[in-house]
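Where a number appears in this text, it was derived from the coordinates with a stated rule and is not lab data. Since the model is a prediction, treat every value here as computed from it, not as a measurement. Here Cβ is always computed from backbone atoms with ideal geometry, including for glycine, and neighbour counts include all displayed protein chains.
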Amino acid sequence: MTRVGIGYDVHPFEDGRRLVLGGVEIPHTRGLKGHSDADVLCHAIADAILGAVGEPDIGYFFPPSDASIEGISSLKILEKCAAVAREKGARISNVDSSLISEAPKIMPHARLMKERISTALGINPDQVGIKATTNERLGFVGREEGIAAMAVACVEMG
């Protein structure tokens with residue numbers, strides 16, 4: 001049986017933090033605020049995978065109240081979500097995602113993002129789609145207050 005899940009995440013910018021997207025540190029004037037490394041791309045993909053196998057979102061597995069995971073790499077979150085999917089008898093067919101940000105430019109980093117995400121999920125890089133768009137200067141993304149990401153995951157069950 002083929003199942004699909006969707007994921008969405010958003011984090012505001014914060015001064016003094018590094019910007020991590022898709023497991024890649026990207027040069028920028030600000031990073032994203034969050035309990036983990038605040039990687040919105042990995043978080044959206046994680047939620048999509050969990051949704052595809054009928055599990056709650058990443059906050060259930062990685063609650064912000066858990067001090068022991070503060071600053072955790074979101075690639076570790078992806079590894080855990082892929083393991084949860086495998087435990088439920090699922091094989092990840094592919095993930096597709098879109099980052100929504102006015103700046104910085106995302107696509108120069110997409111190949112490395114695909115490699116890191118695919119490694120964390122135990123799939124091939126060609127099974128990971130990464131796209132980027134702006135919000136045409138509209139809303140909080142347009143005002144460069146933060147970054148959003150959307151993702152879809154397709155899994156094959158047992």
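Structure data summary
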read-out	value
Ranked Ser36, Ser93, Ser118, criterion: other C-beta atoms within 10 Å, fewest first	Ser93, Ser118, Ser36
Sorted largest first, extent of the range 41-129 alpha carbons per principal axis (Å)	33, 30, 18
Environment charge of Asp15, counting only residues whose C-beta is closer than 10 Å and scoring Lys/Arg +1, Asp/Glu -1	+2
Where labels lie 7 Å past Cα in the beta-carbon direction, separation of Glu79 and Thr29 in nm	3.5
Rounded tilt (10° steps) of 40-52 against the dominant C-alpha axis of the chain	20
Value in Å of the Kirkwood radius, where the chain supplies the Cα pairs that are averaged	15.4
Angle in degrees between helix 74-87 and the longest Cα principal axis of the chain, rounded to the nearest 10	20
Using alpha-carbon coordinates, inclination of helix 110-121 to the longest axis of the chain, degrees	40
Least to most buried among Val24, Val84, Val95 (fewest other Cβ within 10 Å first)	Val84, Val24, Val95
The chain - mean residue ellipticity at 222 nm from DSSP helices (-39,500 (n - 2.57) per run, n ≥ 4, rounded to 500)	-8500 deg cm²/dmol
Hypothetical label at Val4: residues of the range 139-158 whose amide nitrogen lies under 17 Å (7 Å Cα-Cβ projection)	150-157
J(HN,Hα) series, the range 97-103, from Karplus relation 6.51 cos²θ - 1.76 cosθ + 1.60, nearest Hz, glycine and proline x	8, 9, 9, 10, 7, 6, 7
Ala132 long-range amide H proximity, modeled H, under 5 Å	Leu99
Residues Leu19, Leu32 arranged by fewest to most Cβ contacts within 10 Å	Leu19, Leu32
